[in-house]
Amino acid sequence: MIEIREAADGEILGASIFQRRYGQNPPKLLHHVMAFHRVSPYAEVPVCYVHFTPAGKILFGGGACVDDRMIRRMPLTVRNSIRVNGGLYQMTLTWALRHFAPTYSAIFGYCGDALAERIDLAVGFQRTSHAHLLVYWLRDLPADECERLIAQAHAIGPF
């Protein structure tokens, strides 16, 4: 009853969730990953949104938000299944990591939220030497290349 996918029209489909969480529209970016709840054979509603911005070999992830109102409307069995699997954000993030692994070297997150950071770390993100900057390595890289990519991510500031 939950499907996770990249949505080409994610800035439209995720707008209500994103506006509720951040008070603005989602950015018009290349990658919008969303979880949808199938409410009938012919209808689905978005329940989780995360965007990813490419920059060469890396992605910057952000804008994670979950529609808790829709979760409360789901059948108990679906809610329990989501909970057993770590929650919608963790499920969506895990899907995105697998989805982007063939194309990118790393995904960076800038995280100031304790709950989001806990989930990021649970799926394998690592802290860097910079406050709030997390990284998930999608492939093994030489140490100097890792440091260069961390510096690149840090240079843009909060994202």
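Things to note:
- Reported count of residues in region 77-127, each being of a type in the set (F, W, Y) and more than 13 Å from G62 (Cα to Cα), is 4.
- For region 104-159, the tally of residues that are part of a loop (DSSP other than H, G, I, E, B), touching a helix residue (DSSP H, G or I) at 6+ places or on another chain (Cβ under 6 Å) and over 14 Å from Y89 (Cβ atoms) stands at 2.
- Residue check, A96 in contact (Cβ under 8 Å) with a residue 60 or more places away in the chain and out of contact with any Cys (no Cβ under 7 Å at 6 or more places or on another chain): yes
- Candidate set from region 111-143 (those that are within 18 Å of A55 (Cα to Cα) and either of a type outside the set (F, W, Y) or without any contact (Cβ under 8 Å) to a residue 12 or more places away in the chain (or both)); member that is surrounded by the fewest Cβ atoms within 10 Å (Cβ to Cβ): R139
- Residue match in region 65-78 (condition: assigned to a strand (DSSP E or B) and farther than 27 Å from E44 by Cβ): no
- Flag for V33 being of a type in the set (V, I, T), surrounded by 13 or more Cβ atoms within 10 Å (Cβ to Cβ), within 29 Å of I150 (Cβ to Cβ) and touching an Asp or Glu at 6+ places or on another chain (Cβ under 7 Å): yes
- Against the list (1) within 27 Å of T128 (Cβ to Cβ); (2) assigned to a strand (DSSP E or B); (3) not aromatic (F, W, Y), the condition R21 fails is (2).
- Subset tally (residues that are acidic (D, E) and farther than 29 Å from Y104 by Cα) for region 37-72: 2
- Residue list for region 144-159, restricted to those being loosely packed, with under 11 Cβ neighbours inside 10 Å and either more than 19 Å from F52 (Cα to Cα) or modelled with pLDDT of 95 or more (or both): D144, A155
The values are calculated or read from the model by the stated rules, or taken from the named source; none is laboratory data. Note that the structure is a prediction, hence the values are computed from the model and not measured. Cβ sites come from the backbone with ideal geometry, for glycine too, and all protein chains shown count toward neighbours.
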